[in-house]
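One structure is given below, encoded as structure tokens.
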Amino acid sequence: MIVHGCDTVLVEHTEGSRYKPGLFGYPAGMLERCESFKHGTVREALEETGLELDPLRLLKDRRYIASVTTKDGQAMVDMMLHFYELDRRARRPTLLDESKETKPRWAGVMDVVRGKYDMIDVSGPVMPHILDVLGNYYYCHMLRKALYGA
């Protein structure tokens, strides 16, 4: 999850994706041989969004084994969630126009929490956990803004 202020980065899946076109998710992908979760996260963020993340600022969250609905049916995936907050004092960065499989876009955190986007179907506690993390982040961001104006 990449956040900046009250926004988060989602990717809309296109025909080239293994997911149904039009569904949204977070930048993600497969690890390359001998690649750590952290470096895979940084590489995938760059490939799918154009954002260069500092691996030292990634906050590791949780690891999940979950069932994900793809175009071909169900697939079991081993995933690690990472949280990354971009410098909120800086301007919101511009995203790539489109990659082979996805179109990145900024989305309001609360729009995601409230279900405005048709997200990829992931079984188990993954999506409720993501929504909980986003909701808590938004609450803390708004509190910090009210108290400190930043």
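Here are a few things to note about the model shown:
- CD proxy at 222 nm, helix term only [per DSSP H run n ≥ 4: -39500 (n - 2.57); per residue of the chain; nearest 500]: -9000 deg cm²/dmol
- Residue of Ser36, Ser17, Ser99 that the Gaussian network model of the chain assigns the largest fluctuation, springs spanning Cα pairs under 10 Å: Ser36
- Reach of Lys20 by Cα under 22 Å, taken over lysines that are not fewer than 8 positions away in the same chain: Lys71, Lys100, Lys103, Lys116
- Residues in region 62-71 carry Karplus couplings, in order, of 9, 9, 10, 10, 9, 9, 10, 7, 10, 4 Hz; the curve used is 6.51 cos²θ - 1.76 cosθ + 1.60 with θ = phi - 60°, and Gly or Pro positions show x.
- Choice from Met110, Met119, Met76 showing the highest fluctuation, given a GNM over the chain with Cα pairs closer than 10 Å: Met76
- Most tightly packed first, judged by the mean number of other beta-carbon atoms within 10 Å of their residues, the peptides 25-32, 139-146 read 25-32, 139-146.
- For the residues Asp118, Asp87, Asp72, a GNM of the chain with alpha-carbon springs under 10 Å puts the largest fluctuation on Asp72.
- Distant-in-sequence amide contacts of Asp121, defined by a placed amide H-H separation under 5 Å and a gap of 5 or more residues or a different chain, comprise Thr69.
- The HN-Hα couplings worked out from phi for region 135-149 by the Karplus form 6.51 cos²θ - 1.76 cosθ + 1.60 (θ = phi - 60°) are x, 5, 4, 4, 4, 5, 4, 5, 5, 4, 5, 5, 7, 10, x Hz, whole numbers, x standing for Gly and Pro.
- Diffusion coefficient, µm² s⁻¹, Stokes-Einstein with Kirkwood Rh over alpha-carbon pairs of the chain at 4 °C and 1.567 mPa s: 81 µm²/s
- Between 0 and 90°, nearest 10: helix 37-49 axis offset from the chain longest Cα axis: 90 degrees
Any read-out appearing in this document is the output of simple, stated calculations on the displayed coordinates, not a laboratory observation. Predicted model, so just to flag it, every value in this text is computed and none were measured. Reconstructed Cβ throughout: ideal geometry from the backbone, glycine too, with neighbour counts over all protein chains shown.
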